[in-house]
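Have a look at the structure below, then the notes.
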Amino acid sequence: MKNKDKEFAIIGLGRFGGSLARRLESLGHPILGIDVDPRVAKEIGDEITEAVILDATDEDALRQVDITAFQTVVVAISGNFEANALITSTLKKLGIPHVISQSNTDRHREILLRIGADRVILPDEESGYQLADELSIPGMLERLHLSQDYSLIEIKPPRGVIGKSIEECEPYEVIVVLILRGNELIINPEESTRFLPD
């Protein structure tokens with residue numbers, strides 16, 4: 001994996017972690033998947049950029065896979081809270097900018113936030129799919145799935161589109177249906193409408 005590609009690593013490739021890894025990969029994001037179980041890593045190995053077998057509670061092992069090069073690391077371990085907490089703490093100590101941890105209970109969620117997790121989720125397979133979509137769309141604030149093919153997404157305009165018109169942005173497979181400027185709603189905006197900063 002080239003350095004510039006290192007956006008996402010996922011530790012724990014079970015039901016939630018596996019669905020997240022597969023979805024992010026299908027959206028064009030190279031994924032490093034990590035699992036202690038050789039069977040699990042082998043099973044997903046052909047579907048993601050790289051799957052490695054290692055004990056992520058071992059800080060030296062994490063350094064060997066260049067974990068500090070990643071912007072976001074998801075700790076998707078559900079059956080072992082102690083391992084989850086240790087890995088989360090280690091990742092923050094190593095300076096990972098965005099650590100998302102999985103929790104099975106509200107109490108564990110609270111502890112993970114205290115030890116440094118930037119976000120804690122109580123997931124299932126479907127939420128892995130949804131989190132992948134969210135992580136792949138920078139600035140996404142909210143998403144409502146209307147059908148298998150259509151979603152309504154609230155997004156903060158990326159810096160690259162500020163000052164440009166909808167037409168200039170040439171949004172691919174996107175229809176801008178509403179722009180919110182302060183308290184003003186622009187419904188079904190013209191293609192000449194420009195994106196402005198907040």
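Looking across the range 152-169, the residues that are under 25 Å from the mean Cα position of the chain (by Cα) and under 13 Å from Phe195 (Cα atoms) come down to Ile155, Lys156, Pro157, Pro158, Arg159, Gly160, Val161, Ile162, Cys169. Any idea how many residues of the range 77-93 are surrounded by 15 or more Cβ atoms within 10 Å (Cβ to Cβ) and either over 18 Å from the mean Cα position of the chain (by Cα) or on the phi > 0 side of the Ramachandran plot (or both)? Final tally of qualifying residues: 6. Of the residues making up the range 37-49, one or more are farther than 20 Å from Ala132 by Cβ, in contact (Cβ under 8 Å) with a residue 12 or more places away in the chain and part of a helix (DSSP H, G or I).
Beta carbons closer than 7 Å, at least 6 apart along the sequence or on distinct chains, never pair a first residue in the range 12-30 that is outside the structural domain of Ala85 (by TED's automatic domain parsing) and assigned to a loop (DSSP other than H, G, I, E, B) with a second that is at pLDDT 95 or above and among the basic types (Lys, Arg). Scoring Pro138 on the criteria (1) at pLDDT 80 or above; (2) part of a loop (DSSP other than H, G, I, E, B) leaves a single failure, condition (1).
Yes or no, residue by residue, for (1) at pLDDT 95 or above; (2) under 15 Å from Ile10 (Cα atoms):
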position: Arg39; (1), (2): yes, no
position: Gln64; (1), (2): yes, no
position: Asn80; (1), (2): no, no
position: Leu91; (1), (2): yes, yes
position: Gln102; (1), (2): no, yes
position: Thr105; (1), (2): no, no
position: Arg109; (1), (2): no, no
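Of all residue pairs spaced 6 or more apart or on separate chains, those with beta-carbon atoms under 7 Å, a first member in the range 50-76 that is without any contact (Cβ under 8 Å) to a residue 60 or more places away in the chain and surrounded by 14 or more Cβ atoms within 10 Å (Cβ to Cβ) and a second member that is charged (D, E, K, R) and not in a strand (DSSP E or B) are Ala61/Asp55.
In this structure, does Ala61 turn out to be more than 20 Å from the chain's Cα centre (by Cα) and aliphatic (A, V, I, L, M)? So that I can check it myself, show each step before the final result.
Working: more than 20 Å from the chain's Cα centre (by Cα): yes; aliphatic (A, V, I, L, M): yes.
It is true that Ala61 is more than 20 Å from the chain's Cα centre (by Cα) and aliphatic (A, V, I, L, M).
The values are calculated or read from the model by the stated rules, or taken from the named source; none is laboratory data. Computed from a predicted structure; not experimentally measured. With ideal geometry, Cβ positions are generated from the backbone for all residues, glycine too; neighbour counts draw on all protein chains shown.
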